[in-house]
Amino acid sequence: MTAAVGGEQNVRTLPVFVLRGRVMLPNISSQFDVGRTMSLLAVRKAVTDNSELFVVTQKNSLDETPTPDRFYSVGVICRMVKINNITDKSIRIQLSGVSRARIKDVNLVDGYYEATVEDLPFSENAPVESRAYFSFLREKFKDYVKANRNFPKDLSDALSGLEDVNEFVNILTFNLNIDEAKKQEILELSVTTERVESLSRILSSLNDNVELERKISERVKASVDKGQKEYYLRERLKAIHEELGDDSAETENLRAQILEKHMPAEDEEKVLKELDRMSRMNSSSPDYTVLRTYIDWILDLPFNKASEDRKNLNEAVDILNEDHFGLEKVKERIVEYLAVMKLTGKVGGSIICLVGPPGVGKTSVATSIARALDRRFTRMSLGGVKDEAEIRGHRKTYIGAMPGRIIYGLKDAKVNNPVFLLDEIDKLSSDLRGDPASALLEVLDPEQNKTFRDRYIEIPFDLSNVLFITTANSLETIPTPLLDRMEVISLDGYTIEEKVEIATRYLIPKRMKLNGLPDDKVEFTEGAIEKVVKGYTLEAGVRNLERKLDEIIRKIATKLARSGRLKKQKITEANVSEYLGTERFGESDRLKNDEVGAANGLAWTQYGGTTLTIEVVKIKGGKGNVQLTGKLGDVMKESALATLSFIKAHAEVFGIDLETFADVDLHVHVPEGATPKDGPSAGITLATAMLSCLTGRKVRSDIAMTGEITLRGKVLPIGGLKEKSLAAYRKGITELIIPAENVKDIEDIPENVRKELKFHPVKEAWEVFELALRK
C-alpha cells in the first residue's frame, strides 16, 4: 500500500521482498521465483493492496530467515507486472524497477516485513565530467562486447542506443557477471559520475580477464590437436592454474606430505621447488613423470623415522646365544659394541666387518644383531657389483634413473636406523663405469655419512644412525682405504665337536621341520653326525653338513610318504653310508707313512684351513733345473727358489755333494693341480721336502708344518694359524711345526683342539729339519 507519511510524497510504506543472490536495479524488468513464506506473504499483500514492492538483497545468501540487520538498507521500489503460480508453495513474479529508496523504518507484520522507505534519486554535480566518463564507459563496453562473444547481441544493441547515463549503468550492471556485492555498491552510489567511474573500473577488470582468457586459449590450442577435446580441456585447466599461480589438490597434498617430513630447511626448499616445477608441467610430459617419481621417492624415505632400540642388554645376549652356538669371542665383541651403543645412543663410530669362510654364519650373525637390537634388517649383496651407480644412483635426468642400493634399502626398511648388511664386500669389482669400492668410502665413513648424497635424490641423507655390517671371505681383495674404515671380527671354522653340537641343536630340527617329519621319527647319534662331518664334508662352516643331513632326512621322509607309516629311524655311525653312500673324504691328502721327498704342509684358503702334501723328486741326467707344477703362484715359486738356494748354500752341512745340483733336475709338485696355490707360508715345507729328496732322509708322516723361510734360514710368522690347526686336527695330525712368533696365536685355537695337538715353535730352518726328518 502506497501512502504519504508525515505529509511527504517521497516517503511511503511498502511490503518488503528480500532477494538472495541477486540485486535488483531501477530500469530493470526481471522474473523472480518466490518460495519463502515471508516473501510469499509480502507479495500477496502487494497484490491485495494493489501496491508496489520494496525489493532489497540480503547480505548472506545462505540465510533462510534474514532479519532487518541482515539485509541491505538500500533497495528498489518495483511494480508487479505479472504473477504466475508454479506450485502450491511457490509463485513466479515479474517485477519492473521504478526507483531507488532507502529504509527508514521496518517492522514485522503478520509474518512479513513492512518498511517505511524514502526515495533516493540520483544526483549530478559535474555534467561535463559525467559525459566524459560516460564516453569512456561506452568504449570499455564496446571492447567487452567485442572480446566476449557470449554477451547477448540484442542487449548490446539496446545499450548502444541509450543516452541516459544512469539507465545505461543500471541495465549494464544488472547483466554483467559480477558478484552481488559489487552490484549493490553501484546501486548505493548516488552521484552519477561516481557510478560511471566505478562501473568503468569493473568493466576494465573484466576486459583484462577476457584478454587473459584469450591468451590462455591460444597457448593451449598451440600445444594440442584441434580434435582432442578432452585433452584440450585438461590443458586449458593447466594453463588457468599457471596464470593464477594456483596449485591443484594433488599438488597441495604432496606439499603437505613434504612439510610433514620435517627435512632440513635447505633440503625442504629444494624439494618444494621441484614440486612447483612439476605443478606447472603438462601431465603427459616426460619431465612431469620424472619429477613425480622423484617426489614419490623423497616421500618414501624415512628422514626422521627411527625404531626404538632394545634397552635390555641381557635380552640381546640371550638372542645371540639362542641363534648361534660357539663363536664366543664374536658374541663378546658384539655385546661390547651393543653396550657402548646403548650408553652413548650412537652406533659407535665404526663399521663391523665379519670375516670368515663360507658357512660359518656371518649373515645369520648380522640377522641376530638386528634381532638383538630390535631393529629392522636390510641386506645388499655386493658380489659382482661393478657400477658405482649401484651405490650412489643415477642422476634423475637419465631415462630410467633410480637411486642407489643404499637409498633403496632404507626405503624398504622404512626407518633411518636399520641394521644394513653389505654382503660379500670382498667380491666388489670395477670397470669403466666406476669403482663401487670408492663410493662405499663415503657410506662407511662415520665422519662423512652424515651427509651422504645419492645422485638421484640430490639432497643429503643422514646415514649415521644406520648400523652397517659387512661380510667377507677374505680381506686380501678389500681395498686398504675401505678396510681401514671397518673393525674386523673373524669368524673362523668350527671344530668337529662344535659342528656336532650345531647339528644337534639347530640343523637337524630345522631340516626335520622343513621336510615335514615329526620330531619322534628320526634320531641321530653323536657318532653318526661326527661321521658325516669327517667323511662327507670338508669345510670350515656347516653349509655342506646341513645339505648332507637334509639328504638323510629327505630319504626318511620319502619312506614315510610311500608307506604312510614308519617306525622311528635311528641314524648311527654304522648305517650313515646306507643313506649317503661311500665316504668322500678321508686321510688321502696326508701322508700315511714316512716317505722321502714328501712333507705335510698347512694352507689357508677363503674356505678355511686345509692340508697339502708337497712332493719333490730328483731326475738324474739333468742340468740343475727346477720344475714347479701344481698351479703355483709367483710368491710360492719364488719361495721354492729361495729354499733351494738356502740348501745349496749349506750343502756341505747337509752332506750333499755340490756336483749333485749340476747333474740332476728337481721337480716340485703340489697335488690338486687344478686349484691355484700361492703364498710364502709353505716355505719350510718346501725346504723339508727338498732336503729329504736330496739326502734320502724320510719325513715324519705324523707332523705338519707352516712358516715362511728366508735365504738365511730364518722362519718368519704366518697368518691363519687357527684355521690351519683345525685342518690338521680334522686330518688326525697330532704335531705341528709353527714359527715362534705365532705362539701368541695358539690361545685363539679352541681348548679341546689345543689339548690334542703338540706345537713346536721354531725360529730357524735347522730346528725344522731336526724335528721333521728321520735320522
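The values are calculated or read from the model by the stated rules, or taken from the named source; none is laboratory data. Note that the coordinates shown come from a computational prediction; the quantities given were computed from them, not determined experimentally. Here the Cβ is made from the backbone with ideal geometry for all residues, glycine too, and neighbour counts use every protein chain on show. In case anyone asks, the SASA skips ligands and DNA or RNA and just uses the protein heavy atoms, side chains included. Shrake-Rupley method; radii C 1.70, N 1.55, O 1.52, S 1.80 Å.
Can you work out ³J(HN,Hα) from phi for every residue in the stretch 292-309, in order, using Karplus 6.51 cos²θ - 1.76 cosθ + 1.60 and θ = phi - 60°, giving whole Hz and x for Gly and Pro?
Result, ordered by residue: 5, 4, 4, 5, 4, 4, 4, 5, 7, 7, x, 4, 10, 9, 9, 8, 8, 6 Hz.
Given the options THR685, VAL11, GLY400, identify the residue whose Cα lies farthest towards the positive end of the charge dipole of the chain (+1 on Cβ of Lys, Arg; -1 on Cβ of Asp, Glu).
Among THR685, VAL11, GLY400, the one farthest towards the positive end of the dipole of the chain is THR685.
Would you mind checking LYS548/LYS592; LYS427/LYS499; LYS731/LYS758; LYS346/LYS450; LYS270/LYS396; LYS513/LYS555 for any pair whose Cα atoms are more than 20 angstrom apart?
LYS548/LYS592; LYS427/LYS499
Once you keep just the Cα pairs under 8 angstrom separated by 6 or more residues, what percentage relative contact order results for the stretch 260-312?
42 percent
In whole percent, what relative contact order does the chain give with Cα contacts below 8 Å and a gap of six or more residues?
Over the chain, the number comes to 7 percent.
Of ILE459, THR192, ILE425, which is farthest towards the positive pole of the chain's charge dipole, taken about the Cα centre with +1 and -1 on the beta-carbons of Lys, Arg and Asp, Glu respectively?
ILE425
Using modelled amide H (1.01 Å from N, peptide plane; none on Pro or chain starts), what sits under 5 Å from the amide H of SER29, excluding residues fewer than 5 places away?
It is GLY97, by chain and number.
When DSSP assigns beta bridges and you keep just the ones with both residues in the chain, what percent turn out antiparallel, to the nearest 5? Write down the numbers at each step before the final one.
Working: 59 of 100 bridges.
Given both bridge residues lie in the chain, the antiparallel proportion sits at roughly 60 percent.
Per residue of the stretch 407-423, in order, report the coupling 6.51 cos²θ - 1.76 cosθ + 1.60 (Karplus, θ = phi - 60°) as ³J(HN,Hα) in whole Hz, putting x for Gly and Pro.
5, 4, x, 5, 5, 5, 6, 6, 9, 9, 9, x, 8, 10, 8, 9, 7
Just want to confirm a number: the relative contact order over the stretch 327-465, from Cα pairs under 8 angstrom separated by 6+ residues, in percent.
With pairs under 8 Å counted, the relative contact order is 26 percent.
Apply the Debye scattering formula to the chain, with a single equal point scatterer on each alpha-carbon and no solvent, then give log10 I(q)/I(0) at q = 0.04, 0.06, 0.09, 0.11 Å⁻¹.
Ignoring solvent entirely, the Cα scatterers give -0.43, -0.65, -0.99, -1.20.
How long is the stretch 507-582 along each principal axis, judged by its Cα atoms, biggest number first, in Å?
Reported extents, whole Å, longest axis first: 37, 24, 18.
Give the percent of DSSP beta bridges with both residues in the stretch 495-614 that are antiparallel, rounded to the nearest 5. Intermediate results must be reported in sequence, preceding the final value.
Values: 7 of 10 bridges.
Roughly 70 percent of the DSSP beta bridges within the stretch 495-614 come out antiparallel.
Write down the accessible area per residue of the chain in Å², having rolled a 1.4 Å probe over the full set of protein chains.
50 Å²
In whole Hz, what ³J(HN,Hα) sequence does the stretch 614-622 give by Karplus (6.51, -1.76, 1.60; θ = phi - 60°), x for Gly and Pro?
9, 10, 9, 10, 10, 10, 5, x, x
Amide H of SER381: which non-local residues (sequence gap of 5 or more, or other chain) have their own amide H closer than 5 Å, using H built in the peptide plane?
ASP423
Give the shape of the stretch 617-775 as rounded, prolate or oblate, defined through the alpha-carbon gyration tensor: a ≥ b ≥ c are the square roots of its eigenvalues, a/c under 1.5 means rounded, and otherwise the shape is prolate if a/b is larger than b/c and oblate if not.
Taking the square roots of the gyration eigenvalues as a ≥ b ≥ c, the stretch 617-775 is prolate.
Taking the Cα centre of the chain as origin and charging only Cβ (+1 Lys, Arg; -1 Asp, Glu), how large is the dipole, in debye to the nearest 20?
The calculated dipole for the chain is roughly 2300 debye.
If amide H atoms are built 1.01 Å from N in the plane of the peptide, which residues on other chains or at least 5 residues away come under 5 Å of the amide H of PHE71?
For PHE71, whose amide H was placed from the backbone, the distant partners under 5 Å are LYS59.
Can you tell me the Rg and Dmax of the stretch 1-157, counting just the alpha carbons, in angstroms?
Final numbers for Rg and Dmax: 17.9, 54 Å.
Suppose we look only past 20 Å in the calculated P(r) of the stretch 322-467. What percent of the Cα-Cα pairs does that tail hold?
Values: 5330 of 10585 pairs.
Counting every Cα pair in the stretch 322-467, those more than 20 Å apart make up 50 percent.
How large, in percent, is the carbon and sulfur part of the accessible surface of the stretch 402-493 at a probe radius of 1.4 Å?
Taking all protein chains in place, the stretch 402-493 shows 47 percent carbon and sulfur surface.
How far is helix 721-730 tilted, in degrees, relative to the longest principal axis of the Cα atoms in the chain, given as a value from 0 to 90 rounded to the nearest 10?
60 degrees
In what sequence, highest mean first, do 729-741, 520-532 appear when ranked by Cβ atoms within 10 angstrom?
Highest to lowest by the protection proxy: 729-741, 520-532.
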